Structures are given as C-alpha cells and as structure tokens.
Amino acid sequence: MTSAPRSPTAREVATIALGRDPGPLEPVRSLSHRVFVGADVVVKLTDHHTRLDREVALLPQLPDGITAPLLAGGRRDGVRYACYQRVPGASPGIHLPHADAATARTLAVQAVERLDRLHAWQPGPSAAEILRRPSTHGGFTSREALREEIDRLRAADRDGLVSRRVITGLTAIADHAPERAGTDVPVHGDCYWDNWLADGDTITALLDFEWARFGEPTDDWFFLIRFSGPHTGIVLDVVASATGIPADVLRADCEVREAGHVVTDVRLGLENDPAAGVGTIGDLEQLVIGRFWWRDTWA
C-alpha cells in the first residue's frame, strides 16, 4: 500500500521559499492556520481554504507601514504558505485582557490612525480586483439580505433554540438598518485585537488581510470596538472622536454589523456547516436582550 505524501514542514517551506534556513520555528495558536514563529520570520500554512491566496496577492500592494512585510508566498505540495518578516510585539489579545484604561486608549488611537490610512488608500487596478473578489465574510450588506438571513435562521432552528424575543429583536434591528452598505473603501474586515501586534503600548502591525475587501469604515470600527472587553466604551469614544460619527449613530451601525455576523454564524452552526464562525445563541441574546450596544458601561 502506498502511503499518502507527507506535508512539508514550515521550516522546509520557508527554507525553499526564502533560499535560506530560517532556523527553529515554534508553533503559535491560530484559529484557521498553522502558524510558526522564528527569530526573524513568521510562517503561515494552510491546506483547507483559499483565503491565504487573497492575502498573498494583496499585501505587497498595501501602503507601507500597515502590516508585516511579506517575504514570500505561494503553494507547495498542496499547502498554501506565506512567509512574513517578524516585527516587534505581540497580540494585545481579544478583549484586551492585559490592558489598563490608559493603554487601551493609546492602542485604540493608533489602531484608528492605521485603519484611517487603509481606508484612505486608493488601490491600483490589480489591488482593486482583489478587493472586489467575492468574499463570504458574513457581514452586513443590505437590509433585505439581513432580513433574508434572519428568515434562514428561523428555518434552520428546528428545535426552537432561538427565542421568539430574539427573533423579534433581530427583525427590529434589520428594519432600522441602512438600505445598503457601502462598497467604496478598502477595509480589513477582521480587525479584532487578536489581529494586531503591539510592542508595549505601541502598535506595530495589523495582520491577516484574508477578509480584506471594499466596504465602508464601520465594517472595521465594529471589530475594533466590539472586542475591547471592559474597554469597549473607551474605544467607542476614541472612534467617535476621531471620525466625527455621533456615538449613537456608531452604536446603531455596529449593532447592525454584529447582527449580520452572528445570525450567519448561528444559522450555519444549526445547519452543521463547517464554515460556521464562533458566534453563538448566547451572543444573539446579549445583542438583543442585553442591548449590548446601548449600555452606558461595559464589563
């Protein structure tokens, strides 16, 4: 019997791609890739989705100073790979677990500045084509699409796990949503705090552009604010002050985007779809019954 071919190791991939031995590579946690960190290089591998192709094509065209430089990327022996220059810092972590209020504000100010540069970028034809490629990002696209997704959620919920109160609240959010989301601005599309690097209280890079697309700035403000844990109010204030968006308008726009993402995640989960994200019925209850976006304080 012939055995299946062995997948190349991260060190083997990097050695061939870079033309040199990167030295020891240590695995680090990642939700959707195999990621390895060396002294001066980071290697990302995947063999189960194509999103890395999008990032590899886009990164060399981004404005300088936004992300970690891409050294090499492509496919080898059925594995997609990308090798990046290692930059100083570590992830601040989802919900900013180790940040005090002053640090959270400092990080948020810098993150908003970096996202502003991304949103102001005018990509050339090649980058624009990448950003226009279809993306199943699960976010808000239109009022009608959100209504249809809520209907699909109800159809998938054969056991009545999602309460009528939650469905009613989601419908109200959809009814007050904008008719359509904009698609004129380059957005990251997944810029929660796990996808940033910071060296102390200094932002050094925004990572993981696999969901980048044309959208509108609030598509990014939502992720930055929503995953700031006890500092959510601080980060919302930073975004509102920097952008001039009234806080209540920002809250409503973020609420719509959270509804889009979590409704899709829960519906896919109920359908046992492997593409389901991390959103849960509990998140829907927190959004609708707990009125997450309308709290005066976050904890």
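The values are calculated or read from the model by the stated rules, or taken from the named source; none is laboratory data. Model, not experiment: these values are computed from the prediction. Don't worry about glycine lacking a Cβ; one is built from the backbone with ideal geometry, like all the others, and counts go over all protein chains shown. Quick note on the areas: whole protein, heavy atoms, side chains included, nothing else; ligands and nucleic acids left out. Shrake-Rupley method; radii C 1.70, N 1.55, O 1.52, S 1.80 Å.
Quick check: convex hull over the Cα atoms of the chain, volume per residue in Å³, rounded to an integer?
150
Among 276, 222, 187, pick out the residue whose Cα is farthest towards the positive end of the charge dipole of the stretch 169-299, where Lys and Arg carry +1 and Asp and Glu carry -1 on C-beta, about the Cα centre.
Final value for the positive-end residue is 222.
Dipole magnitude of the stretch 63-191 about its Cα centre, charges +1 at Lys/Arg Cβ and -1 at Asp/Glu Cβ only, in debye to the nearest 20? Could the numbers behind the result be given before it?
Details: 17 positive and 16 negative charges, 62 e Å.
My answer is approximately 300 debye.
Please get the size of the charge dipole for the stretch 9-94, origin at its Cα centre, with Cβ charges of +1 on Lys and Arg and -1 on Asp and Glu, quoted in debye to the nearest 20.
Values: 11 positive and 9 negative charges, 34 e Å.
Around 160 debye, computed over the stretch 9-94.
Quantify, in whole percent, the carbon and sulfur part of the accessible surface of the stretch 1-101 (1.4 Å probe; protein heavy atoms only). List each step's numbers first, then the result.
Details: 3010 of 5600 Å².
Carbon and sulfur atoms account for 54 percent of the accessible area of the stretch 1-101.
Take the Cα radius of gyration of the stretch 27-89 and divide it by 2.2 N^0.38 Å, with N its residue count; two decimals is plenty. Intermediate values should be presented prior to the final figure.
Details: Rg = 11.5 Å, N = 63, 2.2 N^0.38 = 10.6 Å.
The value comes to 1.08.
With a 1.4 Å probe and all protein chains left in place, how much of the accessible area of the stretch 128-248 comes from carbon and sulfur atoms, in whole percent?
Details: 2570 of 5380 Å².
Reported share for carbon and sulfur atoms: 48 percent.
Let me know the Rg and Dmax you get for the stretch 159-208 when you use only its Cα atoms, in Å.
Every Cα atom of the stretch 159-208 included, Rg and Dmax give 18.1, 48 Å.
Kirkwood hydrodynamic radius for the stretch 213-299: how many Å is it when counted over pairs of different Cα atoms? Kindly include the intermediate steps, with their values, before the conclusion.
Values: mean 1/r = 0.0734 Å⁻¹.
Hydrodynamic radius (Kirkwood, Cα only) of the stretch 213-299 equals 13.6 Å.
So, for the stretch 1-93, what is the accessible surface per residue at a probe of 1.4 Å, expressed in square angstrom? Intermediate results must be reported in sequence, preceding the final value.
Numbers: 5050 Å² over 93 residues.
Accessible surface, normalised per residue, equals 54 Å².
Considering only protein heavy atoms, what per residue accessible area in square angstrom results for the stretch 118-182 with a 1.4 angstrom probe? Write down the numbers at each step before the final one.
Numbers: 3940 Å² over 65 residues.
With all protein chains present, the stretch 118-182 gives 61 Å² per residue.
Would you please state the base-10 log of I(q)/I(0) at q = 0.13, 0.20, 0.22 1/Å for the stretch 113-219, with intensities from the Debye formula using one equal scatterer on every alpha carbon?
With one equal scatterer per Cα and no solvent, log10 I(q)/I(0) is -0.65, -1.05, -1.14.
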